[in-house]
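To keep things clear, I will list the structure first and then write my remarks on it.
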Amino acid sequence: MPSRRILVIDDEENIGRSLRMILEREGYQVNAVGSAAALRAFPERARIDLFLLDVRLPDANGIDLLRELQAGDITAPVVMISGHATIADAVQATRAGAFDFLEKPLGRDRVLVAVKNALEQNTLKQENKRLREAVGPGSKMIGTSPAFQRAVEQASMAARSDARVLLVGESGTGKELLAAHIHASSPFAGGPFVKVNCAAIPGELIESELFGHEKGSFTGATSMRRGKFELADNGTLFLDEIGDLHANSQAKLLRVLQEGEFHRVGGEQVIRATVRVVSATNRDLTAMVAQGKFREDLYYRVSVVPVRVPALRERPTDIRAMAEYFLEDFCTRNGFRRKSFDEEVWEAFENCKWPGNARELRNVVERMAILSHGDTITAAAVPLELRLPQRDSGQRSTVQEAREVAEREHVLRALEDAGWNVSSAARALGMERTNLHKRIRALGLARGK
């Protein structure tokens with residue numbers, strides 16, 4: 001990743017030189033100018049990642065210059081610095097959009113922490129902007145089935161308040177997208193949308209991930225790090241797979257939700273954060289509560305508004321719209337010519353159980369788009385596992401059934417490679433043409449099915 005670019009605007013040469021030395025040692029690219037005119041004339045100011053701006057410049061008021069930057073096309077954060085700071089200056093600068101306010105003399109650690117925090121938060125804002133652009137206004141919700149519309153309606157109603165929402169549903173049903181929709185429709189939409197996958201983080205690191213840590217608090221903690229709660233201040237924190245939190249982390253999470261404050265790992269300072277929490281799980285938390293695996297008091301804290309996200313098999317009428325959306329999105333992202341589905345594809349899709357839900361459907365659609373030569377995706381491109389009769393997940397297959405499935409796939413692939421020329425396929429399989437005809441009938445194979 002290229003080093004971040006910082007511009008110092010201060011008429012004291014010693015300040016500019018000191019800041020340059022401090023920041024360049026940390027790997028930042030630093031330039032310094034001494035006036036508002038020099039800032040306006042700086043050729044690459046649109047590429048600056050952070051401004052360090054003095055309140056008093058020889059040709060301008062720093063706060064007025066801050067407003068000028070905010071009103072223009074500059075999205076980089078601004079940290080104000082001053083040698084004659086007053087509380088009124090700090091309040092005025094914050095209201096004008098400054099990320100932080102530093103008083104001279106400038107301590108090295110204080111400067112580095114302010115710079116690091118400002119850059120991190122700006123990165124999160126840019127990621128949230130990208131997410132909103134990717135999913136469209138208010139998170140694009142695809143589906144008109146009653147089951148899905150009920151879930152979206154409940155989520156939208158809950159979004160208007162600061163109530164905590166628990167999204168319950170199988171893996172791949174779109175819980176993260178619905179959480180993004182709640183954030184975008186809520187009073188917290190202007191803040192960051194921060195995601196944490198509780199199942200993907202080792203138990204010994206989850207507290208540091210959520211609450212941050214101080215430098216030296218444990219082996220490997222070489223610098224102070226803010227946690228997800230702190231980064232999500234005035235925004236939304238999405239706790240995915242919350243049912244995978246271990247007991248100690250559940251207790252600490254409960255305390256934060258009750259009191260709105262926490263400590264970084266190894267720290268003593270109390271940190272307060274205003275965060276809207278949306279959680280998700282594919283597990284039965286009520287059963288886990290009964291088994292003593294999930295705290296009952298935490299369950300009631302996170303599930304003020306529980307929303308059940310339906311599985312794809314419960315909303316078969318939405319499959320067509322979703323598949324067409326996934327296909328269009330894939331072709332656009334990869335520069336493919338626009339493709340469409342043949343009508344015969346829908347029968348195979350609607351007969352599938354879709355145990356992986358929307359995630360599996362997207363995977364299948366993208367695979368078919370890649371492996372189809374023409375602009376129309378036919379039923380021949382439907383993966384074999386979808387074309388075979390599907391049994392309930394609890395029903396075991398026999399050895400004979402497994403052999404038939406393997407033979408069916410082998411023969412079908414040979415036929416498709418030969419363009420359904422039976423003689424050519426028989427030669428490739430090393431068998432007589434008449435025997436291949438018999439196996440085609442026995443296995444129920446037909447072109448396009």
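In segment 224-256, which residues are exposed (fewer than 15 other Cβ atoms within 10 Å of the Cβ) and over 19 Å from T123 (Cα atoms)? Walk me through how you get there before you give the answer.
Here is the first cut: in segment 224-256, the residues exposed (fewer than 15 other Cβ atoms within 10 Å of the Cβ) are 234, 246-248, 251, 255.
Matches in segment 224-256: H246, A247, N248, A251, R255.
Which numbered condition in (1) within 21 Å of M322 (Cβ to Cβ); (2) surrounded by 15 or more Cβ atoms within 10 Å (Cβ to Cβ) is the only one that R150 fails?
It is condition (2) that R150 fails.
Residues to consider are I87, I15; find the one that is touching a Leu at 6+ places or on another chain (Cβ under 8 Å) and either buried (at least 17 other Cβ atoms within 10 Å of the Cβ) or among the hydrophobic types (A, V, I, L, M, F, W, C) (or both).
Criteria check complete, one pass: I15.
Name the residue that is modelled with the lowest pLDDT, counting only residues in segment 70-83 that are of a type outside the set (S, T, Y) and farther than 18 Å from L19 by Cβ.
So, considering only residues that are of a type outside the set (S, T, Y) and farther than 18 Å from L19 by Cβ, the one modelled with the lowest pLDDT is D73.
So G419 ticks every box in (1) in contact with a Lys or Arg (Cβ under 8 Å, 6 or more places away or on another chain); (2) open to solvent by less than 60 Å² (accessible area, probe 1.4 Å); (3) at pLDDT 80 or above but one. Which box is left unticked?
(1)
Just to be sure, is A179 among the aliphatic types (A, V, I, L, M), open to solvent by less than 20 Å² (accessible area, probe 1.4 Å) and at pLDDT below 85? Working first, answer last.
On the way: among the aliphatic types (A, V, I, L, M): yes; open to solvent by less than 20 Å² (accessible area, probe 1.4 Å): yes; at pLDDT below 85: no.
Spelling it out, it is not the case that A179 is among the aliphatic types (A, V, I, L, M), open to solvent by less than 20 Å² (accessible area, probe 1.4 Å) and at pLDDT below 85.
Out of the residues in segment 343-358 that are modelled with pLDDT of 90 or more and open to solvent by less than 50 Å² (accessible area, probe 1.4 Å), state the one that is nearest to the chain's Cα centre (by Cα).
A358
List pairs: first residue in segment 79-92 and closer than 17 Å to G34 by Cα, second residue assigned to a loop (DSSP other than H, G, I, E, B) and of a type in the set (D, E, K, R) anywhere in the structure, Cβ distance under 9 angstrom, at least six positions apart or on different chains.
I81/D10; I81/K104; S82/K104; G83/E12; G83/K104
I'd like the full set of residues that are hydroxyl-bearing (S, T, Y) and either surrounded by 11 or more Cβ atoms within 10 Å (Cβ to Cβ) or at pLDDT 85 or above (or both), limited to segment 359-400.
Hits for segment 359-400 are S372, T376, T378, S397.
Wholly within segment 281-340, which helices (runs of 4 or more DSSP H) include no fewer than the required count, namely at least 3 residues that are open to solvent by 60 Å² or more (accessible area, probe 1.4 Å) and within 29 Å of S145 (Cβ to Cβ)? Before you say what the answer is, go through the steps one by one.
On the way: elements: 285-290, 296-302, 319-334.
It comes to 319-334.
The values are calculated or read from the model by the stated rules, or taken from the named source; none is laboratory data. For clarity, every value in this text was computed on a predicted model and none was experimentally measured. Backbone-built Cβ (ideal geometry, glycine too); neighbour counts: all protein chains shown. Heavy atoms of the whole protein, side chains included, go into the accessibility calculation; ligands, DNA and RNA do not. Shrake-Rupley method; radii C 1.70, N 1.55, O 1.52, S 1.80 Å.
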